[in-house]
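Notes to accompany the following structure.
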Amino acid sequence: MANDQTEKEQTIQEEVEYNNEKAENEKEEMPDQEELRQEGSQEEKGEEQSSSNVEEELVKANEKIAELEAKLEEMENRMLRAQADFENFRRRSRLDMEAQQKYRAQSLISDLLPAIDNFERALKIEAEDEKTKSVLQGMEMVYRQILQALENEGVEVIEAVGKPFDPHLHQAVMQVKDENFESNVVVEELQKGYKLKDRVIRPSMVKVNE
């Protein structure tokens, strides 16, 4: 009986020691709570760092996009300005060509006006004999041909006498007092004025009523 009791106690002691040894081994294999917290903290820091890097990359990407958009807008503005300048150049060139074609005879007409003035003075001479009359008739024929040629080019005589004074059309060289005319009306034309289409080549030289 004593031996049985001793063997039983020894067996129980061995089981206790085995269980204690097993528990000790499991405790050693089980990770420390502090280590787990540190590992968790490191993982969180890693995630935060990763999130921060993503945000930085996003900011840089947005800045690059804004920079490219600004450059694109600047290029578009330059292109629009260049296109507008080209259109203005084309328009000015067209207007210059039209004006050149429209007023191509202006220089010649300006040179002819003094000759026309001399024709008009000569035609006012009273003929005393048939020879003078014949010469004057020939001069009048040439004078009318010149006027017709000028009219074909778009030349017009500026109306003056009886018209209100217009500084764009008339050149006042004298003021008079005439009850037969209203104030600021042309009473006499001293020299004819001419227009080429809508451009004044020479204004009329006139007397104006006060």
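Observations, loosely collected:
- Being within 43 Å of the chain's Cα centre (by Cα) and either more than 15 Å from K195 (Cα to Cα) or not basic (K, R) (or both) holds for only one residue in E126, E120, E151, E140, and it is E151.
- Residue match in segment 36-48 (condition: acidic (D, E), modelled with pLDDT of 80 or more and over 30 Å from the mean Cα position of the chain (by Cα)): no
- Selection from segment 174-210 of residues that are outside any strand (DSSP E or B), of a type in the set (G, A, S) and within 15 Å of I116 (Cβ to Cβ): G193
- Restricting segment 96-107 to residues that are surrounded by 11 or more Cβ atoms within 10 Å (Cβ to Cβ) and without any contact (Cβ under 8 Å) to a residue 60 or more places away in the chain, the residue that is farthest from V157 (Cα to Cα) is A99.
Per-residue answers, yes or no, for (1) at pLDDT below 90; (2) charged (D, E, K, R); (3) surrounded by 11 or more Cβ atoms within 10 Å (Cβ to Cβ):
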site	(1), (2), (3)
D129	yes, yes, no
K133	yes, yes, yes
G138	no, no, no
E151	no, yes, yes
V161	no, no, yes
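The values are calculated or read from the model by the stated rules, or taken from the named source; none is laboratory data. Worth saying up front: this structure is predicted, and the values here are computed from it rather than measured. Glycine gets a Cβ as well: all are built from the backbone with ideal geometry, and neighbour counts include every protein chain shown.
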